[in-house]
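J.: Once you've had a glance at the structure underneath, I'll fire off some questions.
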């Protein structure tokens, strides 16, 4: 399995605990362990007491992963970006292709959300606030009430 660590130009040998890594990166401890299990973040060496011991390379890699997730990149996309070498090493063309594909997916989601917004606006506009048996919101949600015009 390839090593997905992004090696900073100057690695300081500061060894930190998983709790400190979590604080520095804003990533929950269980998520850090998950990234280790799926081999996206390399498992750190252990101290004599059995505790994980992280360094600056882990901080940098995990920050890269978190920022990528914040932008909505998939785990597979992030793996590919890490495989390409992370910041400073990746081919801009390959990274652009991944980012362009992701942008297309984001635009599709936005289009879908706009459709959902319009449907909700229609349902709410038709809602009189009277009896639930005449509620257009429930009519759309309940397939047994499919005679409602929004369900067609």
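J.: If residue 116 satisfies all but one of (1) modelled with pLDDT of 80 or more; (2) more than 32 Å from the chain's Cα centre (by Cα), what's the number of the condition it fails?
T.: Among (1) modelled with pLDDT of 80 or more; (2) more than 32 Å from the chain's Cα centre (by Cα), residue 116 violates only (2).
J.: Could you please let me know if residue 43 is more than 18 Å from the chain's Cα centre (by Cα), under 18 Å from residue 82 (Cα atoms), at pLDDT below 95 and surrounded by fewer than 16 Cβ atoms within 10 Å (Cβ to Cβ)?
T.: Yes; evaluated as a whole, the condition is true for this residue.
J.: Of the numbered conditions (1) over 21 Å from residue 40 (Cα atoms); (2) modelled with pLDDT under 95, residue 80 fails exactly one; give the number of that condition.
T.: So the condition that residue 80 fails would be (1).
The values are calculated or read from the model by the stated rules, or taken from the named source; none is laboratory data. Computed from a predicted model, the values in this text were never measured in an experiment. Neighbour counts run over all protein chains shown; Cβ positions are idealised from the backbone, glycine included.
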